[in-house]
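Please read the structure below before turning to the comments.
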Amino acid sequence: MHHASPSPIILGAMLTGSGAPDDERAWLDDQEPVDASINPEWYSKIAQQLDAAGVSFLFIADAVFADPDGPPHYLSRFEPLSLLSFLAAQTRRIGLVGTFSTSYNEPYNLARQLMSLDHLSRGRCGWNLVTSLGDRAARNFGLDSQRDHRTRYARAEEFVSVVRGLWHSYAPDALPRDRRSGRYIDKEKITALNHHGDFFTVAGPLNIEPSCQREPVIFQAGQSTHGQQLAARSADVVFGMQTDIDAALAYRASLAHYQQQAGVERRAPLLLMKLILHITSDDVSPEQAFADYATQHRVLDELRDRVARALQRSLAAPEADLSPISDADIANAHANEGTWLSEPLRACQQRSVSMGEALHQLFRLKALVFAGSASHIAEQMHAWQRSGAADGFIIQISSQHGARDLAERLLPELRRRGLFPSFSDQPCTLRQTLALAEPQLHH
């Protein structure tokens with residue numbers, strides 16, 4: 001069903017100071033502080049600029065281990081709750097979404113921390129729910145290796161239901177705070193959770209009441225079957241990694257299928273795609289713009305190194321490009337990076353594609369990159385949204401000029417086409433900004 005006036009494209013910004021996968025050479029830019037990933041002024045300046053430009057939310061990715069071979073942002077980064085609490089005080093209306101693991105937190109603590117941020121920011125908090133990949137994370141929390149996939153997701157399902165149950169400990173009118181009668185609380189309107197599950201036993205109630213948006217917005221980035229099932233049941237917003245429109249439409253259909261299968265009576269989650277932008281002047285062709293981006297970030301070299309680490313073998317010698325893909329490669333890829341790497345490698349193996357060719361295909365599969373003039377990029381965004389492949393995008397921002405190009409070049413172009421809302425200065429909850437319904441709790 002298409003309306004005459006297009007619905008607005010939702011845009012969030014993932015801040016990766018110093019550089020993350022696909023822009024990991026950002027720290028070499030002499031216009032940037034060399035320590036951007038832990039530089040409060042860097043975050044504060046960009047957050048304020050994007051807040052003023054009307055971007056819907058900031059997104060902070062995270063992991064709970066250091067990877068000495070990884071991109072700079074992964075080596076030394078802020079813990080998301082601390083950073084978002086700091087940014088809450090520096091901004092007015094932009095949403096504040098952080099990544100927190102269900103594998104290495106306790107539901108009571110996390111429910112309390114996120115609800116605190118939601119109050120501190122006047123209802124702008126979002127939780128990107130992850131189960132955390134990799135044995136390196138597990139070893140920081142007293143485990144020899146990560147729990148198997150099914151267990152991680154079963155724990156996540158229970159975790160989110162406990163957190164949401166705790167968030168709903170108080171009825172909206174449980175705290176009359178009536179000075180005349182001296183009555184602060186109505187005890188009848190507080191519910192103890194008394195949860196006894198396979199992973200958690202939690203009495204409740206939570207010791208903080210719901211915020212003005214009732215509960216933080218839940219984001220999830222599940223690609224696997226279990227991940228999609230979890231997203232279908234609990235996510236308000238899904239962070240997609242698809243890199244072409246057909247794959248994104250198939251992913252959306254798959255989420256809808258899992259929702260139907262679970263008998264979930266809720267609106268399908270918003271689908272936002274991870275996006276890299278390389279905005280150029282109008283006279284540069286999209287092909288040239290993409291080539292410039294690839295050279296600037298040495299993306300194929302970086303990808304080769306990352307895949308080699310995952311496969312636990314060298315891909316440096318020229319003959320490595322000619323080598324076939326083995327079953328061991330696929331198993332290692334799955335163990336170290338998950339399905340985004342193992343599935344395409346399996347598909348390449350079935351078509352007898354060599355490792356070198358697989359790397360080229362992987363890059364186009366791995367990263368959605370829009371390169372070219374602001375008008376060309378606006379056109380691409382509109383094509384994705386019009387086809388139903390995405391409700392919007394989460395744009396990776398690793399530099400101040402990247403934030404400036406977004407705010408000063410792309411957003412005016414999207415507004416001109418009626419694809420981005422004209423900015424209202426009223427503070428809003430994140431739920432209002434994303435036009436999400438009031439959360440319902442089904443016991």
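The values are calculated or read from the model by the stated rules, or taken from the named source; none is laboratory data. Please read all numbers here as calculations on a predicted model, not as lab measurements. When we count neighbours, we look across all protein chains shown, and the Cβ atoms used for this are built from the backbone with ideal geometry, even at glycine.
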Of the listed residues (Thr102, Thr131), the one being more than 27 Å from Glu302 (Cβ to Cβ) and surrounded by 19 or more Cβ atoms within 10 Å (Cβ to Cβ) is Thr102
For segment 3-21, give me each residue that is at pLDDT below 90 and either small (Gly, Ala, Ser) or within 15 Å of the chain's Cα centre (by Cα) (or both). Ala4, Ser5, Ser7, Pro21
Residues of segment 230-250 being under 29 Å from Phe363 (Cβ atoms) and buried (at least 20 other Cβ atoms within 10 Å of the Cβ), which ones? Leu230, Ala231, Ala235, Val237, Val238, Phe239, Gly240, Gln242, Ala248
Under 7 Å between Cβ atoms, which residue pairs at least 6 apart in sequence (or on different chains) link something in segment 45-58 that is under 21 Å from Asn128 (Cα atoms) with a partner that is among the aromatic types (Phe, Trp, Tyr) and assigned to a helix (DSSP H, G or I)? none
Condition test on Phe65, is it among the hydrophobic types (A, V, I, L, M, F, W, C), touching a strand residue (DSSP E or B) at 6+ places or on another chain (Cβ under 9 Å) and farther than 25 Å from Ile9 by Cβ? no
Selection from segment 310-323 of residues at pLDDT below 90 and in a helix (DSSP H, G or I) yields Pro318, Glu319, Ala320, Asp321, Leu322
Which one of these does Gly372 not meet: (1) more than 22 Å from the chain's Cα centre (by Cα); (2) surrounded by fewer than 18 Cβ atoms within 10 Å (Cβ to Cβ); (3) at positive phi? (2)
Among the residues of segment 153-165, are any assigned to a helix (DSSP H, G or I), acidic (Asp, Glu) and modelled with pLDDT of 95 or more? yes
Being buried (at least 18 other Cβ atoms within 10 Å of the Cβ) and in contact with a helix residue (DSSP H, G or I) (Cβ under 9 Å, 6 or more places away or on another chain) is the filter here; which residues of segment 295-314 pass it? His297, Val299, Leu303, Arg304, Arg306, Val307, Ala310, Leu311
Look through segment 125-165, keep the residues that are in contact (Cβ under 8 Å) with a residue 60 or more places away in the chain and of a type in the set (Phe, Trp, Tyr), and return whichever of them is nearest to Thr91 (Cα to Cα). Trp127
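Quick grid of which residues meet (1) without any contact (Cβ under 8 Å) to a residue 60 or more places away in the chain; (2) surrounded by 14 or more Cβ atoms within 10 Å (Cβ to Cβ):
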site	(1), (2)
Phe219	no, yes
Gly222	yes, yes
Ala253	yes, no
Leu272	no, yes
Which one is modelled with the lowest pLDDT among residues in segment 423-435 that are part of a loop (DSSP other than H, G, I, E, B) and surrounded by fewer than 18 Cβ atoms within 10 Å (Cβ to Cβ)? Asp425
Looking only at helices (runs of 4 or more DSSP H) that fall completely inside segment 201-309, which ones have 1 or more residues that are hydroxyl-bearing (Ser, Thr, Tyr) and under 20 Å from the mean Cα position of the chain (by Cα)? 225-234, 245-261
Please give the number of the condition Arg404 fails out of (1) within 29 Å of Leu117 (Cα to Cα); (2) basic (Lys, Arg); (3) free of Cβ contacts under 8 Å to residues at least 40 places away in the same chain. (3)
Considering only residues that are among the small types (Gly, Ala, Ser) and free of Cβ contacts under 8 Å to residues at least 40 places away in the same chain, which ones fall in segment 224-238? Ala231, Ala232
Condition first: within 21 Å of the chain's Cα centre (by Cα) and either farther than 23 Å from Leu133 by Cβ or among the hydrophobic types (A, V, I, L, M, F, W, C) (or both). Now tell me which residues in segment 336-369 satisfy that. Trp340, Leu341, Leu362, Phe363, Leu365, Ala367, Leu368, Val369
Taking the condition among the small types (Gly, Ala, Ser), surrounded by fewer than 21 Cβ atoms within 10 Å (Cβ to Cβ) and within 20 Å of Pro6 (Cβ to Cβ), does Ser352 pass? no
Failed item in (1) surrounded by 21 or more Cβ atoms within 10 Å (Cβ to Cβ); (2) within 18 Å of Met381 (Cβ to Cβ); (3) out of contact with any Lys or Arg (no Cβ under 8 Å at 6 or more places or on another chain), with Ser399 passing the rest: (2)
Can you name the condition, by its number, that Pro412 falls short on among (1) of a type outside the set (Asp, Glu); (2) in a helix (DSSP H, G or I); (3) surrounded by fewer than 20 Cβ atoms within 10 Å (Cβ to Cβ); (4) modelled with pLDDT under 90? (4)
